[in-house]
C-alpha cells in the first residue's frame, strides 16, 4: 500500500514551510480600548446552536470509502499531536511515546509519522532528545496548564522554560475567568505577551470551549486569539468535559476561514480531547474540507490532540491493507 | 465587514470516492397493475412507462386507470367504509396504522432506494427525510385513531366516507403518508392516485397494506396521468377530495368540485420569502438558504425561492452563499454523498430552463457554480439570480427547481411588504437573532408556515397549508384531522 503515503508533503513540518503571520490590518484598531474590543467581538454575527448542530449532523452522514478513506487515514495520522499530559509522566513514558510518534506502526514502515509529541514543559527536553532530527515537533503545554490560574509572570516563565527545553510549539490556555468576566483586552494582552515569549515557537491558543459553553463565546474567543497572534486555535485542554465537539470545531473553522478572507492570514485549528476513533477523525476531516476548505487539510493547518486515536487509525489502516480486522495487540501500547 | 475575493480554485485533495447505495434491495417487476380491493389487477387504460430521471432508463411499465377502473376502486372503498372500516372500533384502526408504520420502518431502505430511483432525489434525503417522516405520519395518526372524541373537534366527529386523493411527484411516499394516514385514522377509506412520473413507492405501499392485513378496499391505488386523476376527483361517490400539486390543476379541481357535496382541501404552489435580517446568524442563515431552495432540487412547494436579504449585508451573504453552493455535490442520486440529484422529468427541466432564460432576458444576473453534470438524465445546476426586481417573472412565478431569486430590502416593513407581495402564501422564513422581531414579523406574514432561524423542517404534529393561491385546509397536527371529519368544529 505504498500509495498511501503519496499525499504527505515531505516539507510539511519543516521550518521553511511555516508562514509567519502578517499584521492584521483591517482590525488593527479594534483593540485600542476595552470598549472598542468588546463592541467588535459582540458585533460578530451570532451562532445559532440548533443550526450549527444540524449542519454537523448532516456532514456526519458523509460516507468516506476506499481510496478516500485510505487518504484520510494517512492524513489524520500525520495530523496527530501524540499527547501525554499526566502527573505520572516520566522520561521513560515520553521516550516511548516519541518512538511511537516516529514509527507508529512497526509492521508497516510506510505509515506516516505523526505531527508532534505533546508533553508538559518540563519534559520537552526529553522529547526533543528522543525525536532528534526526525522532523516531528515537540509541543509543550504552558501558562499554568490546564487552569491558567497563575500570575502572568509565572505563565511567561513557564513558556520560556518550555521553549528553552526545546519546544517547537507552545500550547497555551487563555484566561477563561477574564474572558467570562468580559475583560477581553486582558485576555488579548496575555496572548500577545505569550506570543512574544515564544520567540520562533508556534503558538497554539487553547480556548477551553467546555468552559466558554456557548458557540457565540467560541466565535468571539477564536477571533480574539487570532487577532492576538495565535498561530493555531485549539478547542480544549482535554481536562474538561465536553472537550472537542463537532459544532465547536465548525465554528472555529468558520472563524479561521473568515479571518483569512479578511486579513490574508491563515490560522490553524486543533480539536483536542475526546477524539478517539477513526470515524471521529473522518468526521472532522469532512468538516474541515467542507467548511474551511482543502487548504486546511495538512498538518500545517489542522491537528488532532489525541492519544488513543492513533491506535484506532492504525487498526483501520491495517484493515484497509489486509482486508481483515486485527486487534489491540497488533498495535503498540505507546 | 468586507470580504476578500476567494482564492483561486485548487484541486481538492480530499475527493470522496463513490459511495453508492446498493439497488439490489429493490425488486422492480416488469409491469405493475392497479391496487383495488386488496388485489393487484390490470388497468383497462393504456399502460405507461416510468423512468429513472438520473439515467432515463425505463424502470417498469405501469397500468393506467380508466374511468371504469376508478369506478371499481371507489366502489371497493365504499364497501370497505360501510362494512368494515367505518364500523371498526377506533382502537383497532389504530392498530392497523401502527402496523403499517412499523412495516415502513422495517422496509425503509427499500422504500428509500426505490424513491430515489423513480424520483431522482438523493438517497441522503429519501433515507433521512422522506421515508422516516412518512413512517412518523403513520405513527402520529395511529395515536389519534381512538382519541378523536377528545381532540377538541366537537363532541362526536364522524368520518366523511370515501376520500379521493391525488398527490404530486416531488415527495411521492411522504405525500402519500400525509394523505392516507389522517384519512384512515379518522375512519375514511381512500382511492389514491400517485403522480404519473413517480408511481413506484405507492405500489410498494400497496404491498405493505397486504402485509399488514389491512381489510381489502380500505386503501386503493390507481395509477395514471391527469385523466385518471380527473376521474377520481369527479367521481360521484367520492365524499372528500384532497389534492397536492400545481395551482393550475388545483383551480380546475376547485371548479369541478364546486356545487357538489364534496369537501375539498388543496395544497398548491408557493413562492416563499426567506428573509435574512442584518442581525442574523449568517453562517446558519446561509445553510438555511441552501436548505430552503436546493432541498429536493427545489421541487418543494414551500421552497424558499425568494431570498429577501437586508441590503446592508447583501454582498457578504451572497459571497458566503456562493462559496457554500460551490461545495454542493450534484450527481448520482444513489451516491450517499450526493446533495443534489436529478430533475424529475424532461418536462419539468424544460420549465426550469424556460423560466431561467426569461430571468436573464428580463435583466437579472444568473450565477451557477462550476459543476460537471452527467451526460444522460435530467439535470440543472444550482442557480442564483441576483439583481432581481419584484416585477421579474422569476420573482413571481413558481419555478419548482433549484433556482433562487435574490431581492433586497432596507427596513422590516419593506421586508414584510415584499414577502407578502405574491399570489401565494404557503411558507416563509425569518433569520434574526432578535426574538422580538421574529414574533412581530411572523404575525405580519401571510403564509401558512413561518420558520424562524430554520427552513424546510417538517413534523407530523405541525399543521401545514397555505394562504391565497397556495390552497386551503391544513394537513398534519390536530388541525389536519378536521379535513377528514364531519361536524368537526375547531376550538
* Qualifying position, being within 13 Å of chain B (Cβ to nearest Cβ) and either touching a strand residue (DSSP E or B) at 6+ places or on another chain (Cβ under 7 Å) or surrounded by fewer than 24 Cβ atoms within 10 Å (Cβ to Cβ) (or both), among A:225, A:281, A:306, A:272 -> A:281
* **Hey, residue A:193 more than 22 Å from residue A:304 (Cα to Cα), in contact with a strand residue (DSSP E or B) (Cβ under 8 Å, 6 or more places away or on another chain) and surrounded by fewer than 24 Cβ atoms within 10 Å (Cβ to Cβ) or not** => no
* Asked: So which residues in segment A:93-116 are under 24 Å from residue A:237 (Cβ atoms) and surrounded by fewer than 19 Cβ atoms within 10 Å (Cβ to Cβ)?
  -> A:93, A:95, A:96
* **Some residue of segment B:61-76 being part of a strand (DSSP E or B) and within 30 Å of residue B:334 (Cβ to Cβ)** => yes
* Asked: Which condition number in (1) out of contact with any strand residue (DSSP E or B) (no Cβ under 9 Å at 6 or more places or on another chain); (2) in a helix (DSSP H, G or I) is the one that residue B:169 fails?
  -> (2)
* Asked: For segment B:387-396, does any single residue satisfy the condition of being under 14 Å from residue B:271 (Cβ atoms), touching a helix residue (DSSP H, G or I) at 6+ places or on another chain (Cβ under 6 Å) and either crowded, with 22+ Cβ neighbours inside 10 Å or in the same structural domain as residue B:53 (by TED's automatic domain parsing) (or both)?
  -> yes
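Quick one: how many residues across segment A:199-217 are more than 16 Å from residue A:304 (Cα to Cα) and within 15 Å of the chain's Cα centre (by Cα)?
Total meeting the criteria: 1.
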* Considering only residues of segment B:32-50 that are in contact (Cβ under 8 Å) with a residue 60 or more places away in the chain and assigned to a strand (DSSP E or B), which is nearest to the chain's Cα centre (by Cα)? -> B:50
* **Selection status of residue B:270, touching a helix residue (DSSP H, G or I) at 6+ places or on another chain (Cβ under 7 Å), at pLDDT 95 or above and more than 14 Å from every other protein chain (Cβ to nearest Cβ)** => yes
* To do: Go through the residues of segment B:276-283 one by one and say whether even a single one is surrounded by fewer than 24 Cβ atoms within 10 Å (Cβ to Cβ) and in contact with a strand residue (DSSP E or B) (Cβ under 6 Å, 6 or more places away or on another chain).
  => yes
* Could you list, in sequence order, all residues of segment B:328-350 that are more than 16 Å from residue B:404 (Cβ to Cβ) and within 11 Å of another protein chain (Cβ to nearest Cβ)? => B:329, B:335, B:336, B:337, B:338
* Structure fact -> With the first residue restricted to segment B:312-338 and required to be at positive phi, and the second required to be assigned to a loop (DSSP other than H, G, I, E, B), Cβ contacts under 7 Å at 6 or more apart or on different chains are B:331/B:338; B:331/B:374
* **Whichever residue in segment A:260-269 is within 20 Å of residue A:207 (Cα to Cα) and either part of a helix (DSSP H, G or I) or over 16 Å from the mean Cα position of the chain (by Cα) (or both) and, among such residues, is farthest from the other protein chains (Cβ to nearest Cβ)** => A:265
* Structure fact -> A careful count of residues in segment B:309-327 that are in a helix (DSSP H, G or I) and over 18 Å from residue B:366 (Cβ atoms) gives 5
* To do: Confirm whether residue B:214 is crowded, with 21+ Cβ neighbours inside 10 Å and assigned to a helix (DSSP H, G or I).
  => no
* Structure fact -> Residues in segment B:111-150 that are surrounded by fewer than 17 Cβ atoms within 10 Å (Cβ to Cβ) and either away from chain A (no Cβ under 14 Å) or touching a strand residue (DSSP E or B) at 6+ places or on another chain (Cβ under 9 Å) (or both) total 5
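Residues checked against (1) under 19 Å from residue A:114 (Cβ atoms); (2) without any contact (Cβ under 8 Å) to a residue 40 or more places away in the chain:
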site: A:219; (1), (2): no, no
site: A:228; (1), (2): no, no
site: A:258; (1), (2): no, yes
site: A:276; (1), (2): yes, yes
site: A:280; (1), (2): yes, yes
site: A:287; (1), (2): no, no
* Matching strands (runs of 3 or more DSSP E) fully within segment B:217-307 where at least 3 residues are closer than 30 Å to residue B:49 by Cα -> B:219-221, B:240-244, B:263-267
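Give me a count of the residues in segment B:34-50 that are under 26 Å from residue B:116 (Cβ atoms) and surrounded by fewer than 20 Cβ atoms within 10 Å (Cβ to Cβ).
4
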* Residue count for segment B:10-42, restricted to those that are in contact with a strand residue (DSSP E or B) (Cβ under 7 Å, 6 or more places away or on another chain) and within 14 Å of another protein chain (Cβ to nearest Cβ) -> 3
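The values are calculated or read from the model by the stated rules, or taken from the named source; none is laboratory data. These figures come from a predicted structure and were not determined experimentally. Here Cβ is always computed from backbone atoms with ideal geometry, including for glycine, and neighbour counts include all displayed protein chains.
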